[in-house]
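Asks: Starting off with a structure, shown below.
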Amino acid sequence: MTLPAAQALCAAATDRVAAMSIRVGVIGTGNIGTTHARNLQHFVSGAEVTAVYDSDTQRALDVGAELGCAAYPSFEAVIDSPEIDAIVIASPDALHAEQAIAALHQGKWILCEKPLAPTVDEAKAVMDAEVALGHRRIQMGFMRRYDPGYEQLKAELDSGAVGDALLLHCVHRNPQAPYVQDSAVVLTNSVVHEIDINRWLLGEEYASVTIVAGRATPHVGAGVLDPMLVLFTTESGVVIEVESFTNCQYGYEVRCEVVASEGTLEMGNGSFINTARDGRRGTSIAGIWTDRFNDAYLRQMQAWVTDVTAGVVNGPNTWDGFAAAVTAETAVRALTSRMTEPVRLPARPALYG
Ligand code: ISE
């Protein structure tokens with residue numbers, strides 16, 4: 001499709017969504033795609049799921065039957081459909097770029113799960129396509145920005161109450177991640193959350209990445225670095241230490257402590273109740289990220305639908321996805337070199353100014 005044709009489609013889609021509830025197609029009905037589809041259909045106002053697609057046809061049919069929407073035979077059918085205004089991309093990471101570009105060309109609004117793409121070249125191709133279109137159409141699924149804990153952390157930090165951030169200690173543990181028995185994928189798929197949230201918290205880009213890893217858990221294969229420490233420095237010199245442990249066995253945990261010049265801020269695991277019973281006191285631990293970040297996913301989706309209805313993208317955008325891809329790819333380089341690798345970002349296009 002030519003650029004003017006895509007721009008005309010964009011304008012038509014903007015007029016339509018302003019008038020009524022937006023019609024969403026969900027590509028990928030695995031764990032997170034199904035969570036998004038259910039949130040849209042049952043809890044978010046201003047949107048309805050029109051169609052779903054998954055390469056596992058039965059899974060798509062099941063989700064379609066559950067939600068009362070169609071299961072389309074291909075992702076192209078979803079993207080090309082005139083019955084659909086907006087697309088949620090929740091497919092395997094390697095397909096995000098191709099699907100996002102196709103959806104841009106059809107004038108759709110897009111919520112793209114992280115990462116924008118596993119490589120910088122693919123992420124850049126998406127950004128170039130959006131810049132050529134001249135409109136922001138993509139919101140990145142960096143849902144931690146909608147988590148009440150992270151929101152509070154940012155508000156406290158921005159208030160200046162604890163002074164200047166100096167160090168961040170971050171923990172990101174998954175009970176099991178058999179699908180990421182590859183340390184490079186852990187960086188682009190999982191640690192990418194810390195890459196985004198910490199640049200958002202601090203409001204600055206990264207300067208360098210270093211990987212430190214030693215003895216691995218017996219639950220992974222040879223050569224997999226699990227746990228590993230990913231050490232970042234930022235442009236202003238803040239040091240960030242991220243413990244990534246994708247097979248910790250006991251539960252799902254995400255924590256962040258900010259050490260600042262006048263105090264510290266600590267964000268726990270998102271559980272607010274301490275229960276005492278039968279001679280024991282304790283808090284529960286989430287089993288998986290969709291439990292821990294349930295509120296964040298829902299709030300992210302409502303914010304996206306509200307923004308799309310108004311014809312804007314206010315959430316994390318394609319530049320954020322691209323900056324995260326550059327940083328993650330630098331971390332992958334550091335994995336092999338075991339050296340401190342500099343993060344080099346090109347100039348930010350004016351569209352994302
Ligand atoms: C997964 O895709 C997520 O988004 C989770 O938040 C993260 O903890 C997990 O490691 C990823 O694989």
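Asks: Looking only at the range 131-155, count every residue that is small (Gly, Ala, Ser), open to solvent by 10 Å² or more (accessible area, probe 1.4 Å) and touching a strand residue (DSSP E or B) at 6+ places or on another chain (Cβ under 8 Å) and tell me the total.
Replies: Residues meeting the conditions: 1.
Asks: Let me ask something else. Return a yes/no flag: does the range 319-327 have any residue that is open to solvent by 40 Å² or more (accessible area, probe 1.4 Å) and either free of Cβ contacts under 8 Å to residues at least 24 places away in the same chain or more than 17 Å from Arg145 (Cα to Cα) (or both).
Replies: no
Asks: Answer yes or no: is there a residue in the range 172-179 that is within 13 Å of the ligand (Cβ to nearest atom), modelled with pLDDT under 95 and not in a loop (DSSP other than H, G, I, E, B).
Replies: Yes, that holds for at least one residue.
Asks: Out of Val312, Val308, which single residue is crowded, with 19+ Cβ neighbours inside 10 Å and at pLDDT 95 or above?
Replies: Testing whether each residue is crowded, with 19+ Cβ neighbours inside 10 Å and at pLDDT 95 or above leaves just Val308.
Asks: Can you tell me which residue among Asp128, Asp158 is open to solvent by 40 Å² or more (accessible area, probe 1.4 Å), away from the ligand (no atom under 14 Å from the Cβ), more than 30 Å from Thr264 (Cα to Cα) and of a type in the set (D, E, K, R)?
Replies: Asp128
Asks: Here is a further query. Suppose we keep only residues that are farther than 27 Å from Ile32 by Cα and among the polar types (S, T, N, Q) within the range 254-299. Which one would you say is most open to solvent (accessible area, probe 1.4 Å)?
Replies: So the residue we want is Asn274.
Asks: Tell me, please, whether a residue that is acidic (Asp, Glu) and touching a residue at least 12 places away in the same chain (Cβ under 8 Å) can be found in the range 294-315.
Replies: Yes, because at least one residue in the range 294-315 is acidic (Asp, Glu) and touching a residue at least 12 places away in the same chain (Cβ under 8 Å).
Asks: OK, next. Mind listing just one residue for me: the one in the range 186-226 that is assigned to a loop (DSSP other than H, G, I, E, B), within 15 Å of the ligand (Cβ to nearest atom) and under 16 Å from Val242 (Cα atoms) and, of those, most open to solvent (accessible area, probe 1.4 Å)?
Replies: The qualifying residue most open to solvent (accessible area, probe 1.4 Å) is Leu225.
Asks: While we're looking at this one, here's another question. Return yes or no: is Ala60 farther than 26 Å from Asp295 by Cβ and touching an Asp or Glu at 6+ places or on another chain (Cβ under 8 Å)?
Replies: The answer is yes for Ala60.
The values are calculated or read from the model by the stated rules, or taken from the named source; none is laboratory data. Everything numeric here is computed off the predicted structure, so don't read it as measured data. Cβ atoms come from the backbone with ideal geometry, glycine included; neighbour counts cover every protein chain shown. The protein model used for the area step is the full one, side chains on, heavy atoms only, and it has no ligands, DNA or RNA in it. Shrake-Rupley method; radii C 1.70, N 1.55, O 1.52, S 1.80 Å.
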